[in-house]
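Everything on this sheet refers to the single structure shown next.
The values are calculated or read from the model by the stated rules, or taken from the named source; none is laboratory data. These figures come from a predicted structure and were not determined experimentally. We work out accessible area using only protein heavy atoms, side chains counted, and drop any ligands, DNA or RNA first. Shrake-Rupley method; radii C 1.70, N 1.55, O 1.52, S 1.80 Å.
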Amino acid sequence: MSELPEIRIGTADREKALDALSLHFSEGRLTVPEFDERSATIASATTRGELDTVFVDLPATSTTPRTPASADTSAGLDWRAVVMPIVIFGSLALFFLTDFDQKWLFFLLIPLAGALLSAGGHSKSPKKKKKNR
């Protein structure tokens, strides 16, 4: 069933369209000025037809955002999203339940865990082989 271009859209539709546009940008189909212009169009769009004009010259893609390859989404759950709250509540528990003179140090576990978890989830594009001259 084709949707009418006059149908009003919501925030979720704009977010999906922006995710799809970001995918096109990351795959090199758009320049930075083109991406900026089309992003502004998406942000101000109120109907389905306004969104469709942004993608007229781009190939159809899935609008679902890609997840990092190292995230375990086989069960639909990213383990990093589970570990971080555990670290936060664990730091609080250690702070209140231990008899350590410098309890404030336990709170350093929170940014440390955040940095380690976020650094482990972002892999760069495959390394290119260097050409020998």
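Values computed for the structure shown
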quantity	calculated
Heavy atoms of E15: accessible area, 1.4 Å probe, square angstrom to 10	110
Heavy atoms of R29 accessible to a 1.4 Å probe, total area in Å² rounded to 10	100
Ranking by accessible area, most exposed first, for S91, S44 with a 1.4 Å probe	S44, S91
Sequence of I88, I9 when ordered by accessible area, the most exposed leading, probe 1.4 angstrom	I88, I9
Residues whose placed amide H lies under 5 Å from that of T47, excluding near-sequence neighbours	I9
Accessible-area value, D19, 1.4 Å probe, nucleic acids and ligands omitted, Å²	70
